[in-house]
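The values are calculated or read from the model by the stated rules, or taken from the named source; none is laboratory data. Worth saying up front: this structure is predicted, and the values here are computed from it rather than measured. Note that each Cβ is placed from the backbone with ideal geometry, even for glycine, and that neighbours are counted across all protein chains shown.
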Amino acid sequence: MHCPILIAVVIWSSCVDSQKIRGISLSYKRFYRERKSFLCIDGSKLIPFDQVNDDYCDCADGSDEPDCCDASDEYNSHTACQNTCRNLGQRERAEVKSQMRALDQGLRLKQQLIEEGVLTWRDKQAQLRDLQRVLDDLQTQLDDLRKEDARRKKEVDALRELEIGALETEENSHRSHIMNESPVSIFYELDSNRDGRLSAKEVRAKLTDIQDGERVLSEDEAVALLGGGHHVDLSRFEETLWNSIRIGHNVTIRGRVPGRLVKGEPVLKAAVSAAEKAAAELKKVEDAYETVYMEIRDLREKLATDYGPEREFLFLYNQCFQLKVHEYFYELCPFNQVTQTSASGAEVSLGKWGSWAGSPQHRYSQMKYENGEPCWQGPTRNTVVTLTCGTETALRSVKEPGKCQYVAEFQTPVACRPALRQQGVHSEL
Ligand code: MAN
């Protein structure tokens with residue numbers, strides 16, 4: 001027998017636990033979980049569970065016979081069952097109404113969060129473009145600094161090599177300090193036709209081999225001194241021939257005394273300090289490059305995450321939510337990780353962001369965090385987070401139903417779906 005006023009209530013109460021017992025209001029469902037005994041809701045009496053819903057009213061408040069709240073189906077009872085239909089119905093309707101209001105509010109909040117997400121997305125994309133530009137610029141600097149660093153190192157090596165065994169000679173004290181002249185002035189001295197390039201011919205005309213008297217250089221020797229080419233511009237000159245002239249090891253400008261190095265020569269000190277400066281500058285830019293590179297990689301990785309069809313979960317980016325359960329502090333950082341911290345302060349990973357794990361129809365209703373800290377004699381810790389619709393975004397519960405296997409409830413407006421209105425929002429809210 002059915003009482004009309006309870007039909008709505010019956011629709012709400014089709015949940016697993018109370019499948020066998022119908023007519024339970026949603027707010028009372030928890031009292032009817034099948035156990036050995038049943039405590040009347042007013043607390044007046046404890047009866048065996050099989051007396052629940054046996055069409056005989058044992059409880060004064062009629063709570064053991066929820067099928068029909070007007071008690072019309074409870075016969076032959078000593079206890080006078082109350083007609084609770086009216087109250088139950090009112091309460092139930094009020095509850096459903098407030099849930100619908102919460103759902104509407106949740107959906108409105110969700111819309112706002114989606115809009116915020118669009119702005120955040122644009123922001124992040126712009127940030128990525130800026131970082132990429134900075135990285136390109138650093139790359140150019142690096143290319144130059146690497147060349148400079150290598151050039152300075154080579155120069156120091158060559159000077160050191162010359163320094164060994166170098167003697168103070170008459171010649172040295174009177175030498176013209178080619179090595180202290182600027183490469184530009186030497187370049188123009190050698191560039192007889194003033195075309196801004198040094199050719200092998202010009203080199204042969206102005207330079208002499210100093211190891212072998214004042215010998216004219218061969219074409220091949222001149223080309224080798226130019227770094228293998230037939231012409232060099234000023235910058236290439238500085239990388240090639242200039243070093244040989246400066247050090248005065250093999251060649252010098254005809255008519256000028258080569259600059260030979262003596263021990264402790266300021267030019268070596270200057271070269272060492274220039275090389276150190278170049279190396280330090282290179283290191284600085286290399287570090288900056290590394291930092292920006294990592295930032296780009298992290299940002300790209302974050303932007304590649306699936307934030308839902310409308311990127312509605314993007315606002316959770318970089319947020320964390322805490323909850324204390326018994327002796328543990330739990331922290332959920334969506335799309336990143338879940339951790340558990342004990343009273344002693346030891347933090348344990350309960351899993352790193354894995355994937356969305358809801359059913360195919362509701363993929364975004366669950367998240368999986370995997371490969372956390374290994375459990376002693378057990379698997380690695382992991383956590384399944386179920387997302388439920390609510391007007392606030394908060395971590396609601398964390399449980400450990402199996403050793404090192406955690407389940408959490410995370411409430412947020414973005415889990416609200418208009419379809420919940422039809423499905424019965426009670427299971428979500
Ligand atoms: C810690 C916590 C618990 C877990 C045990 C397993 O105490 O992470 O949640 O059950 O380790 O040894």
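Has the range 304-322 got any residue that is part of a strand (DSSP E or B) and either in contact with a strand residue (DSSP E or B) (Cβ under 7 Å, 6 or more places away or on another chain) or surrounded by 13 or more Cβ atoms within 10 Å (Cβ to Cβ) (or both)?
Taking the range 304-322 as the starting set, the residues that turn out to be part of a strand (DSSP E or B) are 321-322.
Then keep just the ones that are either in contact with a strand residue (DSSP E or B) (Cβ under 7 Å, 6 or more places away or on another chain) or surrounded by 13 or more Cβ atoms within 10 Å (Cβ to Cβ) (or both); that gives 321-322.
Yes, because at least one residue in the range 304-322 is part of a strand (DSSP E or B) and either in contact with a strand residue (DSSP E or B) (Cβ under 7 Å, 6 or more places away or on another chain) or surrounded by 13 or more Cβ atoms within 10 Å (Cβ to Cβ) (or both).
How many residues does the range 325-381 hold that are touching a Ser or Thr at 6+ places or on another chain (Cβ under 8 Å) and of a type in the set (Ser, Thr, Tyr)?
Count: 7.
Under 6 Å between Cβ atoms, at least 6 apart or on separate chains: pull out the pairs that start in the range 398-413 with a residue that is within 10 Å of residue 383 (Cβ to Cβ) and surrounded by fewer than 22 Cβ atoms within 10 Å (Cβ to Cβ) and end on any residue that is at pLDDT 95 or above and basic (Lys, Arg).
Listed by first residue and then by second, the contacts come to 404/381; 407/399.
Can you go through 145, 113, 131 and tell me which one is under 19 Å from residue 291 (Cβ atoms), surrounded by 16 or more Cβ atoms within 10 Å (Cβ to Cβ) and within 24 Å of the chain's Cα centre (by Cα)?
On the way: 145 fails: within 24 Å of the chain's Cα centre (by Cα); 113 fails: under 19 Å from residue 291 (Cβ atoms).
Checking each option against the conditions leaves just 131.
Identify the residue in the range 304-355 that is away from the ligand (no atom under 12 Å from the Cβ) and of a type in the set (D, E, K, R) and, among all such residues, is farthest from the chain's Cα centre (by Cα).
Among them, the one singled out is 324.
Just to be sure I understand, how many residues within the range 45-58 are at pLDDT 85 or above, of a type outside the set (D, E, K, R) and not in a strand (DSSP E or B)? Spell out how you get there, then give the answer.
We begin by selecting, within the range 45-58, every residue at pLDDT 85 or above; these are 45-52, 58.
Within this subset, residues satisfying the condition of being of a type outside the set (D, E, K, R) are 46-49, 51-52.
Okay, now just the ones that are also not in a strand (DSSP E or B), so 49, 51-52.
So the answer is 3.
Quick one: in the range 384-429, which of the residues that are farther than 22 Å from residue 315 by Cα and part of a loop (DSSP other than H, G, I, E, B) is modelled with the lowest pLDDT?
424
Please work out which residue is surrounded by the most Cβ atoms within 10 Å (Cβ to Cβ), limiting yourself to the range 356-386 and to residues that are more than 10 Å from the ligand (Cβ to nearest atom), farther than 15 Å from residue 406 by Cα and of a type outside the set (Gly, Ala, Ser).
Residue satisfying both the conditions and the ranking: 364.
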